[in-house]
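For reference, the structure discussed in these notes is given below.
The values are calculated or read from the model by the stated rules, or taken from the named source; none is laboratory data. Keep in mind that what you see is a predicted model, and the values were worked out from it rather than measured. Cβ placement follows ideal geometry from the backbone for every residue including glycine, while neighbour counts extend to all protein chains displayed.
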Amino acid sequence: MKIYFIGQKGIPTIEGGVENHVENLATRLAGLGHEVYVYTRHNYSNKNKKKYRGVNLINLPSINRKNFDAISHTLLASIHVLFQPADIIHFHSIGPSSLLWLVKLVKRRTAVIATFHSQCYLHQKWSALARTYLKFGEHVLCRFADVIIVPSRVLQHYAAKRYQRQPIYIPNGVTMPGRNKEIKELKELGLDSGEYILTVGRLVRHKGVHLLIAAYQKLHTAKKLVIVGEGSYTDDYVQELVNKSVDNKNIIFLGNQTGSALRALFANAAMFVQASESEGLSVALLEAMSYGLPVLVSDIEENAEAVANAGFTFHCGNANDLKIHLQKILQNIDGAQNRGREARMRVAKYYDWDNLIKETVAVYEQALNSQQKIERHFQTRKIIKHYSISN
């Protein structure tokens, strides 16, 4: 199959759950022998890079502004793909999916898939106008995509109830890591194994890093708080976080980390915390679980679904409750590590990419077969109509 991905910033991943998802999906599809194309942005990916692990990269420009970056790039990608011999066009996220109608209108033989990753309009960084447009994108995705994929049961139930469509549940996945702790990389970051609490994600308000900092400031612990990630058009928020932490040398901002450095951070953390107010299905959380870390997350439905009984939860938005749970876990770290081992087993069973790729290919094949049947039906009707008129 010839498969095109639209909506992501690009690959290889620098940051972003959607980008991580697309990279894993695209490279595995290429490894199975499919012809895969991923649209990338000038402001994210190396525009001179044309191939990555068997995946073809198509780099296009975008308007590098918060409200226009994704949609301007998606418009160019959607026009470009109209002239490509695609079997599958897979849109990611509700914002970019606002333009999938254009592809549906022209590419009638092509199966148009869309992944509804999250309700992005709940994220506080967006203006009222942007939230309205994102809701429009959700409507287009759920009404016009040939197949809707969702990464959580919560979103599956929401879309089914609101749009009377039955989305297909395929969660985000991770590659199960080995047991190598990569101590050398950790030392280069100035950290000691087991001596820090880790959080990983974009520094945007709905991720709740300010709440985590507030809770940590009240703790009595020698363990450091390591914050991995950068802002996303949220410079004011990032500065707010820095200001809250300026008097505490044990709060460490490491910016974006990838590759062996990120693996070392996960492998050697004492525990992982995610204080987010809104999620689809967090890849960072799944990665932490795959390393067998004790995980403490806000009790929103999406997080509770991911961790089940293999993690700890606190009341979303409550810094004091977060602090209490942090203290309990740190005081009984051996018991918490048992829960971490359960988390690793849970990820291996339900969120391993090697299993999820098979489900995705099956969805693609079924969608493509359905489109081909529809096309044959219309072609048959045209032929019958032609001969009826002729006679």
Q) If you check every pair at least six apart or on different chains, which have Cβ atoms under 8 Å apart with a residue in the stretch 209-236 that is closer than 21 Å to Gly16 by Cβ first and a residue that is aromatic (Phe, Trp, Tyr) second? A) His210/Tyr237; Val226/Tyr196; Ile227/Phe253; Gly231/Tyr237
Q | Of the criteria (1) among the hydroxyl-bearing types (Ser, Thr, Tyr); (2) over 30 Å from His90 (Cα atoms); (3) surrounded by fewer than 18 Cβ atoms within 10 Å (Cβ to Cβ), which one Ser298 fails | A | (3)
Q.
Residue under question is Lys249, and the condition is that it be charged (D, E, K, R), assigned to a helix (DSSP H, G or I) and without any contact (Cβ under 8 Å) to a residue 60 or more places away in the chain; does it hold?
A. no
(Q) Which condition from (1) of a type in the set (Val, Ile, Thr); (2) surrounded by 24 or more Cβ atoms within 10 Å (Cβ to Cβ); (3) in contact with a His (Cβ under 8 Å, 6 or more places away or on another chain) is the one that Thr74 breaks? (A) (3)
(Q) Return the pair list, or none, for Cβ contacts closer than 6 Å from residues in the stretch 73-96 that are farther than 16 Å from Leu57 by Cβ to residues that are in a loop (DSSP other than H, G, I, E, B) and among the hydrophobic types (A, V, I, L, M, F, W, C), at least 6 apart or on different chains. (A) Asp87/Met1; Ile88/Met1
Q: Please find, within the stretch 141-195, the residue that is surrounded by the most Cβ atoms within 10 Å (Cβ to Cβ) out of those that are assigned to a strand (DSSP E or B) and among the aliphatic types (A, V, I, L, M).
A: Val150
Q) Of the residues His206, His210, His220, which single one is under 20 Å from Ala319 (Cα atoms) and either of a type in the set (A, V, I, L, M) or in a loop (DSSP other than H, G, I, E, B) (or both)? A) His220
Q.
If I filter the stretch 253-304 down to residues being in contact with a Phe, Trp or Tyr (Cβ under 7 Å, 6 or more places away or on another chain) and aromatic (Phe, Trp, Tyr), which single residue comes out as farthest from Gly317 (Cα to Cα)?
A. Tyr291
Q) Which condition number in (1) free of Cβ contacts under 8 Å to residues at least 60 places away in the same chain; (2) touching a Ser or Thr at 6+ places or on another chain (Cβ under 7 Å); (3) under 22 Å from Gly137 (Cβ atoms) is the one that Gly17 fails? A) (1)
(Q) Restricting to the stretch 285-305, name every residue that is under 22 Å from Lys187 (Cα atoms) and within 13 Å of the chain's Cα centre (by Cα). (A) Glu287
Q.
Tell me yes or no: at least one residue of the stretch 353-368 is of a type in the set (Ser, Thr, Tyr), outside the structural domain of His220 (by TED's automatic domain parsing) and modelled with pLDDT of 95 or more.
A. yes
Q) Which residues, taken from the stretch 317-340, are in contact (Cβ under 8 Å) with a residue 40 or more places away in the chain and farther than 16 Å from Asp299 by Cβ? A) Gln327, Leu330, Ile333, Ala336, Gln337, Gly340
Q) Does the stretch 306-357 hold any residues that are surrounded by fewer than 16 Cβ atoms within 10 Å (Cβ to Cβ) and under 19 Å from the mean Cα position of the chain (by Cα), and which are they? A) Ala348, Tyr350, Asp354, Asn355
(Q) For the stretch 232-260, give me each residue that is farther than 30 Å from Tyr169 by Cα, buried (at least 16 other Cβ atoms within 10 Å of the Cβ) and within 20 Å of the chain's Cα centre (by Cα). (A) Thr234
Q: Evaluate the stretch 123-130: report whether one residue or more is hydroxyl-bearing (Ser, Thr, Tyr), part of a loop (DSSP other than H, G, I, E, B) and either surrounded by fewer than 23 Cβ atoms within 10 Å (Cβ to Cβ) or in the same structural domain as Val22 (by TED's automatic domain parsing) (or both).
A: yes
Q | strands (runs of 3 or more DSSP E) fully within the stretch 268-336 counting 2 or more residues that are under 17 Å from Ser193 (Cα atoms), in the same structural domain as Gln217 (by TED's automatic domain parsing) and modelled with pLDDT of 95 or more | A | 271-274
